[in-house]
Amino acid sequence: MSLEISRDVPTEAALQDVSPLIETLFGTPQSPRWPVEWMATDEQRSLVSLDRLKIAAGGVTSDQENAHTGLYQEHCVICHGISGSGAGPASRYQVPYPRDFRAGVFKWKSTSRSEKPTRDDLMQLLVKGIPGTPMPSFSILPPSEREAIVDYVIYLSVRGEVERELLAFAIDMLDYDTTPPEEDLRLRLVSTADSAEVPSEMTEGQEAIAEVIDDVVGRWTSAEPTPVPPYPELEGDELAASIERGKEIFHGQIANCAGCHGQGGAGGLPSLDYDDWTKDFTTRIGISPDDKDAVKPFRKAGALPPRQIDPRVLAGGIMHGGGDPETLYRRIQNGIAGTPMPSVEISEDSAGKTGLSPDQAWDLVNYLSEMIANP
Ligand code: HEC
Ligand code: HEC
């Protein structure tokens, strides 16, 4: 944070207040809480259920009726880590790295680039896994267990993002860099350490807590799949003509897919970019990912070694997030969050200027489908 705002701020005070606050509000990953007291709407309060969280959290147990707990520990921790950092014991040699849920950014989803995934997106992900990556399918688990795990992923993500936003808030907005911070601005609950009660008169610091929770949880409850027009089923010459138009679009100026994915999606272009999880502790704060010494403190704090992200070889490739026409349409429309792959505006108005018309997007989908099927 000091590097991000280019001045030496005392982050100690902020950390000292935020860490216990997060524990009071959200408990620990082993023993979760869901701070309904601080939530504004029923939708937010019921985003996850504490009963389901308890099934997913904690150590692995099973009883005589074969009811399990500790699902996350059993199935996910080895890759995603206890706090959801993505830096579990088996993460180091995986390509790509397992997701760090705490940033609140997800790739394979039906919503627009900046939005959270829907609950259904996460359920689908557990059924299918992410083909072409180490992330396995959990289709053998009973649906009720997958539901509990989805709650838990959302919980870890919200917990991590609130923690981070509160730290940023402390330093940017609440003058934590004047020591000692003013009492009214501190991110502290007045009540006892194990209560998440909302005081009747909130301090400015407490209003900030409510605002951050509302912001993060609200983004989960508002997520909606982006609309996709019906797929025009084409055959024979019409389909061939559509694929031909799609090919031009793929290599053309507006979509410029070939600029990253190479001619015909064959790849081969040098990859020079990083994903957002890596940029977070490197390029965004002025550190070169190649600078081993500068990266060292972050590695010590748990970050995985920076690694470039490749635009995929699409020809004959495995689609990680699904390869049906509707999913490919959304991939074009929404890009891939957390990665350099941009979104392309799809509307009649922008067609030929800054974006594609829906029909052009379907042409591109038809070309992609052809390309994926033929290495
Ligand atoms: C063998 C390692 C491994 C295990 C076990 C594993 N994952 Fe993953 N997971 C990954 C990898 C690798 C990725 C990143 C894939 C990518 O970036 O495309 C990932 C990505 C994810 C994502 C992000 C998807 C997105 O849209 O960005 C979620 C959510 C997820 N895993 C949940 C889980 C859950 C829940 C479990 C346990 C039930 C689990 N994973 C078990 C390796 C694993
Ligand atoms: C700035 C570079 C860039 C551009 C431009 C770009 N992509 Fe990508 N694309 C990527 C990267 C990087 C990935 C790999 C993301 C990952 O797996 O994390 C990717 C992955 C994909 C995938 C694989 C999705 C999956 O489910 O596995 C498809 C399909 C794709 N791109 C299509 C396109 C199309 C179509 C265009 C043009 C509209 C395009 N890309 C433009 C960088 C780019």
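Values quoted throughout were computed directly from the atomic coordinates according to the rules given, and no laboratory measurement underlies them. Everything numeric in this text was worked out from a predicted model, so none of it was measured. Reconstructed Cβ throughout: ideal geometry from the backbone, glycine too, with neighbour counts over all protein chains shown.
For this structure, a couple of remarks:
- Here the spin labels are modelled as points 7 Å beyond Cα on the Cα-Cβ line, and at ASP349 and ASP51 they lie 4.7 nm apart.
- Each residue, ASP215 and ALA168, gets one label point 7 Å from its Cα in the Cβ direction; the gap between the two is 0.7 nm.
- Taking every C-alpha pair closer than 8 Å and separated by at least 6 residues, the mean separation divided by the residue count of the stretch 11-221 gives a relative contact order of 25 percent.
- The angle between the Cα long axis of helix 236-251 and the longest principal axis of the Cα atoms of the chain comes to about 60 degrees, rounded to the nearest 10.
- Relative contact order (%) - the chain, alpha-carbon pairs under 8 angstrom, separation at least six: 18
- Were the residues from ASP175 through ILE140 laid out at 0.36 nm apart, the gain over their Cα-Cα distance would be 7.5 nm.
- Dimensions of the stretch 11-221 along the principal axes, based on C-alpha atoms and rounded to the nearest Å, stand at 53, 38, 31, largest first.
- Base-10 log of normalised Debye intensity for the stretch 94-148 (one unit scatterer per alpha-carbon) at q = 0.14 Å⁻¹: -0.40
- Ordering 238-249, 261-272 by mean Cβ neighbour count within 10 Å, with the highest value first, yields 238-249, 261-272.
- Take 148-159, 220-231, 125-136 and order them by the average number of nearby Cβ atoms within 10 Å per residue, most first; the result is 148-159, 125-136, 220-231.
- Modelled label positions at ALA90 and ALA301, each set 7 Å beyond Cα in the direction of Cβ, lie 2.8 nm from each other.
- Using the rule -39500 (n - 2.57) for each DSSP H run of four or more residues, divided by the residues of the chain, the 222 nm mean residue ellipticity is -12500 deg cm²/dmol.
- Rounded to 10°, Cα long-axis angle of helix 11-26 versus longest principal axis of the chain: 80
- Under Karplus coefficients 6.51, -1.76 and 1.60, residue-wise ³J(HN,Hα) of the stretch 329-339 in Hz, glycine/proline x: 4, 5, 4, 5, 5, 10, x, 10, 4, x, 10
- Computed over the chain, the P(r) curve from all C-alpha pair distances, binned at 20 Å from the origin, holds 25, 53, 21, 1 percent per bin.
- Listed by chain and number, the lysines whose alpha-carbon sits under 28 Å from that of LYS353, ignoring those within fewer than 8 places in the same chain, are LYS107, LYS109, LYS247.
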